[in-house]
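Q: Could you have a look at this structure, given as structure tokens, before my questions?
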Amino acid sequence: MPHRPKVIIGNWKMNKTIAETKSFVAGLALAAKESAFQIGLAVPFTMIDTAAKTAEGTVIRIGAQNVADRDEGPYTGEVSPKMIQDAGASFALIGHSERRRYFREDDAIVNRKIKGVLKIGVQPVCCIGETQEERQSGQAYSILKRQLLHGLDGLEKEDVASLIIAYEPVWAIGSHQVATPEIAQETHAFCRSVIKEKWGQQVADRLVIQYGGSVNPMNAAALLAEPDIDGLLIGNASLSLEAFTNIVLLHV
Ligand code: PGA
């Protein structure tokens with residue numbers, strides 16, 4: 001059995017202030033010492049600096065929730081890979097379904113963003129997932145395959161092995177309708193097989209694939225116990241220090 005780390009990442013989305021960030025990260029740092037998992041927090045751009053400084057000397061990694069698909073220049077309102085790194089981000093969520101849906105990000109944009117962060121050593125967390133209709137009409141796997149092959153198009157083996165894939169079914173995000181461990185496991189195994197087919201067994205064995213969508217302290221352990229679920233991407237439950245700490249301290 002290949003050994004992969006289990007990685008828990010909180011995704012705060014558009015929530016919290018700088019003062020709240022400081023006290024949350026300081027509180028989480030205490031739990032992080034006892035955790036068996038790798039821990040990350042994806043915070044809004046304006047909190048990266050504060051979160052990273054508060055997390056200094058701890059195992060908590062700070063990341064961005066998005067990044068520009070260009071390196072620099074006249075792109076008003078955009079934040080580049082170098083800027084998030086400079087502020088203290090060591091990873092970035094890319095292609096979250098809310099970005100795909102509300103900001104019309106497609107696989108080509110996702111691909112440019114992934115290449116842009118990899119170039120400077122920021123780890124991409126590439127989010128993929130099918131909608132309810134796509135699952136019900138039997139298209140889930142073809143959608144996921146397209147998102148994987150187009151999103152990661154042109155990447156070398158080493159790059160693919162070094163990134164994180166987050167499988168987040170759109171129907172499970174913020175819906176209290178978590179995927180069952182069986183459905184999530186089956187889908188993760190499918191995603192790994194797509195990677196294996198294109199980049200080989202070794203890359204597929206090393207690749208971390210997280211599950212995301214309505215994860216909470218009650219359902220997290222059963223998901224983490226599945227062999228192909230290498231961690232969790234957590235939205236709502238990461239806003240509460242108590243809930244997030246309970247997940248981070250689980251024993252699986
Ligand atoms: P949720 O969000 O845990 O609130 O469902 C997960 C995500 O969107 O990353």
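The values are calculated or read from the model by the stated rules, or taken from the named source; none is laboratory data. What you are looking at is a predicted structure, and each value in this text was computed from that prediction instead of being measured. FYI the Cβ positions are ideal-geometry reconstructions off the backbone, even for glycines, and counts take in every protein chain you see. These area figures cover heavy atoms from the full protein model, side chains too; ligands, DNA and RNA do not enter into them. Shrake-Rupley method; radii C 1.70, N 1.55, O 1.52, S 1.80 Å.
Q: Take residue 89 and tell me if it is away from the ligand (no atom under 16 Å from the Cβ), out of contact with any His (no Cβ under 9 Å at 6 or more places or on another chain) and under 21 Å from residue 37 (Cβ atoms). Give the steps one after another, and end with the answer.
A: Numbers: away from the ligand (no atom under 16 Å from the Cβ): yes; out of contact with any His (no Cβ under 9 Å at 6 or more places or on another chain): yes; under 21 Å from residue 37 (Cβ atoms): yes.
Answer is yes for this residue.
Q: While we're on this one: Does any residue in the stretch 195-215 that is among the hydroxyl-bearing types (Ser, Thr, Tyr) come within less than 6 Å, Cβ to Cβ, of a residue that is open to solvent by less than 10 Å² (accessible area, probe 1.4 Å) and not in a helix (DSSP H, G or I) six or more places away or on a different chain, and which pairs are these?
A: Qualifying pairs under 6 Å: 211/167; 211/229; 211/232.
Q: From 42, 29, grab the single residue that is buried (at least 17 other Cβ atoms within 10 Å of the Cβ) and more than 19 Å from the chain's Cα centre (by Cα). If you could, list the steps in order and put the result at the bottom.
A: Working: 42 fails: more than 19 Å from the chain's Cα centre (by Cα).
Matching residue, one of 42, 29: 29.
Q: Determine, yes or no, whether residue 224 is touching a Cys at 6+ places or on another chain (Cβ under 8 Å), modelled with pLDDT of 95 or more, crowded, with 18+ Cβ neighbours inside 10 Å and closer than 23 Å to residue 38 by Cα. Give the derivation first.
A: Values: touching a Cys at 6+ places or on another chain (Cβ under 8 Å): no; modelled with pLDDT of 95 or more: yes; crowded, with 18+ Cβ neighbours inside 10 Å: yes; closer than 23 Å to residue 38 by Cα: yes.
So residue 224 fails the test.
Q: Sticking with this one: Cβ-Cβ under 6 Å, sequence separation 6+ or interchain: first residue in the stretch 135-150 and open to solvent by 80 Å² or more (accessible area, probe 1.4 Å), partner in a helix (DSSP H, G or I). Which pairs?
A: If the second residue must be in a helix (DSSP H, G or I), the pairs left are 150/107.
Q: Is there any pair linking a residue in the stretch 91-113 that is buried (at least 24 other Cβ atoms within 10 Å of the Cβ) to one that is among the basic types (Lys, Arg) and part of a helix (DSSP H, G or I), with Cβ under 6 Å and at least six apart or on different chains, and which?
A: 94/113
Q: How many residues, within the stretch 37-93, are touching a Gly at 6+ places or on another chain (Cβ under 6 Å) and among the hydrophobic types (A, V, I, L, M, F, W, C)?
A: Matching residues across the stretch 37-93 total 8.
Q: Can you spot a residue in the stretch 200-222 that is over 17 Å from the mean Cα position of the chain (by Cα), more than 10 Å from the ligand (Cβ to nearest atom), acidic (Asp, Glu) and part of a helix (DSSP H, G or I)?
A: yes
Q: Looking at the structure I just gave you, is residue 21 assigned to a loop (DSSP other than H, G, I, E, B), of a type in the set (Ser, Thr, Tyr), modelled with pLDDT of 95 or more and over 20 Å from residue 166 (Cβ atoms)? Explain how you work it out, then say what you get.
A: Working: assigned to a loop (DSSP other than H, G, I, E, B): no; of a type in the set (Ser, Thr, Tyr): yes; modelled with pLDDT of 95 or more: yes; over 20 Å from residue 166 (Cβ atoms): yes.
So residue 21 does not fit the description; no.
Q: Check residue 150 against each of (1) within 16 Å of the ligand (Cβ to nearest atom); (2) in contact with a helix residue (DSSP H, G or I) (Cβ under 6 Å, 6 or more places away or on another chain); (3) assigned to a helix (DSSP H, G or I) and name the one condition it does not meet.
A: Of the numbered conditions (1) within 16 Å of the ligand (Cβ to nearest atom); (2) in contact with a helix residue (DSSP H, G or I) (Cβ under 6 Å, 6 or more places away or on another chain); (3) assigned to a helix (DSSP H, G or I), the odd one out for residue 150 is (1).
Q: Continuing with the same structure: Is the stretch 162-173 home to any residue that is under 20 Å from residue 252 (Cα atoms), in a loop (DSSP other than H, G, I, E, B), within 14 Å of the ligand (Cβ to nearest atom) and in contact (Cβ under 8 Å) with a residue 40 or more places away in the chain?
A: For the stretch 162-173, residues under 20 Å from residue 252 (Cα atoms), in a loop (DSSP other than H, G, I, E, B), within 14 Å of the ligand (Cβ to nearest atom) and in contact (Cβ under 8 Å) with a residue 40 or more places away in the chain: absent.
Q: Within the stretch 80-90, is even one residue of a type in the set (Asp, Glu), open to solvent by 10 Å² or more (accessible area, probe 1.4 Å) and either assigned to a loop (DSSP other than H, G, I, E, B) or touching a residue at least 12 places away in the same chain (Cβ under 8 Å) (or both)?
A: Quick first cut of the stretch 80-90, residues of a type in the set (Asp, Glu) only: 86.
Checking the rest, the ones that are also open to solvent by 10 Å² or more (accessible area, probe 1.4 Å) come to 86.
Going one step further and asking which of them are either assigned to a loop (DSSP other than H, G, I, E, B) or touching a residue at least 12 places away in the same chain (Cβ under 8 Å) (or both), we end up with none.
The answer is no; no qualifying residue exists.
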